[in-house]
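Written out below as structure tokens is the structure these notes cover.
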Amino acid sequence: MRICLRTPYDPFVNSRYASTTRPQAKSKMQAQAKRRPPTPEPSDAEDQENIGPRIRKAMEPFPSYGGEMPPPEAESTWSDQELYNYFFSSGFIKPKKKASKPKPTPQQMEQYYRTLNLRPGAKAAAVKKAYRQLALRFHPDKNHDSTEAKLKFQEITE
């Protein structure tokens, strides 16, 4: 291999790798860039139109915020502190997803009251008292051999 002292050493010149020179690699990258259509980015005006009043208020302390906007559900489900933390951290701190249990339907509530032998709309103290009495009465430890008591206890503890 010959080394020319006038120019810096370049492994791609005058070697077995001569077919893969740098200008060819650049042209491939340029060709790929030309093939991709430009993706339109939403303007700031469009982002400002899509946000609600709570998010606007949470953004007031951060007038130069230029990060990603919170998702649409943030307006109704995030607390003020969670919105503040989101903007303070430039969008890195997002609240954890809250696991919510579905509320029982009126028919299910009526069934629960019937199981506890109460009238619909009974107070919480009455429900608690009736549950404890029935749970003690039908507990499997007190009724070893009774499958009927076991099933009743399972129905009560639903």
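Which pairs turn up if I take residues in the range 97-112 that are loosely packed, with under 12 Cβ neighbours inside 10 Å and at pLDDT 80 or above and look for partners that are of a type outside the set (Lys, Arg) and in a loop (DSSP other than H, G, I, E, B) with beta carbon separation below 9 Å, at least 6 apart in sequence or on another chain?
From residues that are loosely packed, with under 12 Cβ neighbours inside 10 Å and at pLDDT 80 or above, the pairs are Pro106/Pro120.
Take the residues of the range 116-128 that are under 16 Å from Glu158 (Cα atoms) and open to solvent by 100 Å² or more (accessible area, probe 1.4 Å): which is modelled with the lowest pLDDT?
Asn117
The values are calculated or read from the model by the stated rules, or taken from the named source; none is laboratory data. Source: prediction; values computed, not measured. No Cβ is skipped: glycine too gets one built from the backbone with ideal geometry, and neighbour counts run over all protein chains shown. Only protein heavy atoms, including side chains, enter the accessible area calculation; ligands, DNA and RNA are left aside. Shrake-Rupley method; radii C 1.70, N 1.55, O 1.52, S 1.80 Å.
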